[in-house]
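S.K.: Quick one: this structure, given as structure tokens, is what I'll be asking you about.
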Amino acid sequence: MFRTLRIFVLLLVLLGVAVGNWLARARTTSWEQSLRVAVFPIDADGSPATARYIASLTRETFAPIDAFMAAEARRYAVTLRDPVDIEVAPPVTRLPPTVPRGGNPLEIALWSLQLRYWAWTNAQYAGPAPQVRMFVLYHDPERVQRLSHSLGLQKGLIGVVNAFASDAQAAQNNVIIAHEMLHTLGATDKYDLATNLPLHPIGFAEPSLDPLVPQRFAEIMGGRIPVSPVEARIPDSLDEVLIGEATALEIRWVE
Ligand SMILES: [Zn+2]
């Protein structure tokens, strides 16, 4: 009797989680109200330059993401004028759990739970709770040349982005933040993981351009602008990025 009850309770909890995930997905992609996104800056290296850069961040720093989402939504005839509303949250002082390197699916699943717990305990926000939380780890470009990978999780609606703490990199940081934010809304990568080259047609902004390359824009989940059959470059800013039909379908901008 007790055992049955225990199993019943466990099933209820699992059902609750499943319903919670389903509701979050339905709410974040209904596009009836602006999606509330908060950027939580994190000082990744303790460098004075990083601290100064974080102190200079305002809503304006991330406004190009709002503008990009609004312009692209209009192209897909979404009636909501401002699909995304990004705010800057107070900096988080503790680092998120590090992604397991080459982890197996179980390690990844465990890490994703740790990350959600970490976010729950560390992300303080005054005002209406953000629906999507983007944790941006800032690195001093004088100290690191290459950044580790960024990611966005649909379950938990959390993104972890590695970015350079510099005004010169802000526009490119916004491309990465937008990409990871779209992962949280259910968009998938559209590039070849081995070569980083966008997949045709889904990872191309203009898949029927003739000749096909060079392309003028990157598709946001394709990540790069194909310039030749074997080369693609990272866009400088969101001005060089579009949302393709496959991504629009995933985030429910089209039926
Ligand atoms: Zn991605």
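S.K.: Of the conditions (1) farther than 23 Å from ILE86 by Cβ; (2) modelled with pLDDT under 95, PRO226 clears all except one; give me its number.
M.R.: Here PRO226 clears every test but (2).
S.K.: Which of the residues belonging to the stretch 41-63 are open to solvent by 60 Å² or more (accessible area, probe 1.4 Å), outside any loop (DSSP other than H, G, I, E, B) and under 29 Å from ALA248 (Cα atoms)?
M.R.: ARG59, GLU60
S.K.: Output the number of residues of the stretch 76-113 satisfying the condition of being surrounded by fewer than 10 Cβ atoms within 10 Å (Cβ to Cβ) and not polar (S, T, N, Q).
M.R.: 7
S.K.: So in the stretch 151-185, with the set limited to residues that are of a type in the set (Gly, Ala, Ser) and within 12 Å of the ligand (Cβ to nearest atom), which one is most open to solvent (accessible area, probe 1.4 Å)?
M.R.: Step by step, filter the stretch 151-185, then rank; the result is GLY152.
S.K.: Can you name every residue in the stretch 134-164 that is closer than 19 Å to ASP189 by Cα, modelled with pLDDT of 95 or more and in a loop (DSSP other than H, G, I, E, B)?
M.R.: Across the stretch 134-164, there are no qualifying residues.
S.K.: Just name the residue that is surrounded by the fewest Cβ atoms within 10 Å (Cβ to Cβ) out of those in the stretch 186-195 that are in contact (Cβ under 8 Å) with a residue 12 or more places away in the chain and within 11 Å of the ligand (Cβ to nearest atom).
M.R.: Result: THR188.
The values are calculated or read from the model by the stated rules, or taken from the named source; none is laboratory data. None of the values given here were measured: they were computed from a predicted structure. Note that we place each Cβ from the backbone using ideal geometry, even for glycine, and neighbour counts take in every protein chain shown. Ligands, DNA and RNA are stripped out before the accessible areas are found, and what is left, the full protein with its side chains, is counted by its heavy atoms. Shrake-Rupley method; radii C 1.70, N 1.55, O 1.52, S 1.80 Å.
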